[in-house]
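Beneath this line is the structure, given in structure tokens, with notes to follow.
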Amino acid sequence: MVDPETVPRRIEGRGVTASFTPALGHAALSGFYDPVITMLTRERVWRARLLDQVAPQPGETVIDLGCGTGSFAVSLAQRAPGARIVGVDPDNDILRRAAAKAAAAGQNILFVEAFARDVAAVLGDRAADKIVSSLVFHQLPMEEKRRGLAASLRALKPGGTLHIADYGRQTGSMRMLFRIVQSLDGYENTQPNADGVLPDLIVEAGFTDVREVDVLPTLTGAIAFYRAVRP
Ligand SMILES: C[S@@+](CC[C@H](N)C(=O)[O-])C[C@H]1O[C@@H](n2cnc3c(N)ncnc32)[C@H](O)[C@@H]1O
């Protein structure tokens, strides 16, 4: 039976009326998100690596920040039955797709409509053991990247970990391929990622032990894997 918590929930007054970049850059393309990501990003490889990196455990609370269509949230729930998995995204349409995917997979996942900057309000400060975010930060304006990381720090328990898989510094042919993403998501928000800004922003937000764990070349640019700790 599907838990009622799989129905997307709105956080009132948390700025959900403000704008955001949808999963594939334009709301009309969201229905194509899953097949496009499978085709163009070596999805199975990077999701498996990220899942191993996050290593969710039963009893843990794990937030998937910018969860999109819920693919990774479902994998987290399947890997660690007994973990509390929470998907956060400002796009109500994409959350409905995520909730349907979770229900079809028989997984109880709480989906919450909110921006990254409000992630600490979703469960409260110091509530999460882990926060994971995939292919999200390259879409965010600089101010939202900063505020999203600051809120993630607050949302994590001391010793909790942040895991980000996203387009990081692009060099050589990867810089050219990343233009595909930039043409969809816009240059202003994506270029700082291509210039390698993320690790500095993570440090600036107050995280320690900030590490680039891995980098994976794909047809749409290099995806970097970062890990950091809330002191
Ligand atoms: C490229 S999709 C990635 C989805 C998912 N994490 C995945 O791995 O497939 C980016 C997601 O970030 C969400 N997003 C955009 N702006 C956001 C913000 N300010 N805070 C949180 N999520 C945001 C979008 O709605 C979209 O679902």
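Here's the yes/no breakdown for (1) closer than 23 Å to VAL36 by Cα; (2) surrounded by 21 or more Cβ atoms within 10 Å (Cβ to Cβ):
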{"site": "GLY70", "(1), (2)": "yes, yes"}
{"site": "SER75", "(1), (2)": "yes, no"}
{"site": "PRO81", "(1), (2)": "no, no"}
{"site": "ILE85", "(1), (2)": "no, yes"}
{"site": "ARG96", "(1), (2)": "yes, no"}
{"site": "LYS101", "(1), (2)": "yes, no"}
{"site": "GLY106", "(1), (2)": "no, no"}
{"site": "ALA116", "(1), (2)": "no, yes"}
{"site": "LEU123", "(1), (2)": "no, no"}
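Any residue in segment 116-131 that is modelled with pLDDT of 95 or more, within 16 Å of GLY196 (Cα to Cα), more than 10 Å from the ligand (Cβ to nearest atom) and within 13 Å of the chain's Cα centre (by Cα)?
Looking for residues that are modelled with pLDDT of 95 or more, within 16 Å of GLY196 (Cα to Cα), more than 10 Å from the ligand (Cβ to nearest atom) and within 13 Å of the chain's Cα centre (by Cα), one finds none in segment 116-131, hence no.
Got a number for residues in segment 205-231 being out of contact with any Lys or Arg (no Cβ under 7 Å at 6 or more places or on another chain) and exposed (fewer than 15 other Cβ atoms within 10 Å of the Cβ)?
Going through segment 205-231 one residue at a time, the tally reaches 7.
Could you check segment 55-84 and list, in sequence order, the residues that are in a strand (DSSP E or B) and over 13 Å from the mean Cα position of the chain (by Cα)?
Matches in segment 55-84: THR61, ARG84.
If you go through segment 169-180 one residue at a time, do you hit one that is in contact (Cβ under 8 Å) with a residue 60 or more places away in the chain, more than 14 Å from the chain's Cα centre (by Cα) and not in a loop (DSSP other than H, G, I, E, B)?
Yes, there is a match, as at least one residue in segment 169-180 is in contact (Cβ under 8 Å) with a residue 60 or more places away in the chain, more than 14 Å from the chain's Cα centre (by Cα) and not in a loop (DSSP other than H, G, I, E, B).
For residues that are touching a residue at least 12 places away in the same chain (Cβ under 8 Å), small (Gly, Ala, Ser) and in a loop (DSSP other than H, G, I, E, B), tally how many sit in segment 15-54.
Count: 4.
The values are calculated or read from the model by the stated rules, or taken from the named source; none is laboratory data. Given the structure is predicted, the values throughout are model-derived calculations rather than measurements. Neighbour counts are summed over all protein chains in view; Cβ atoms, including those assigned to glycine, are modelled from backbone coordinates with ideal geometry.
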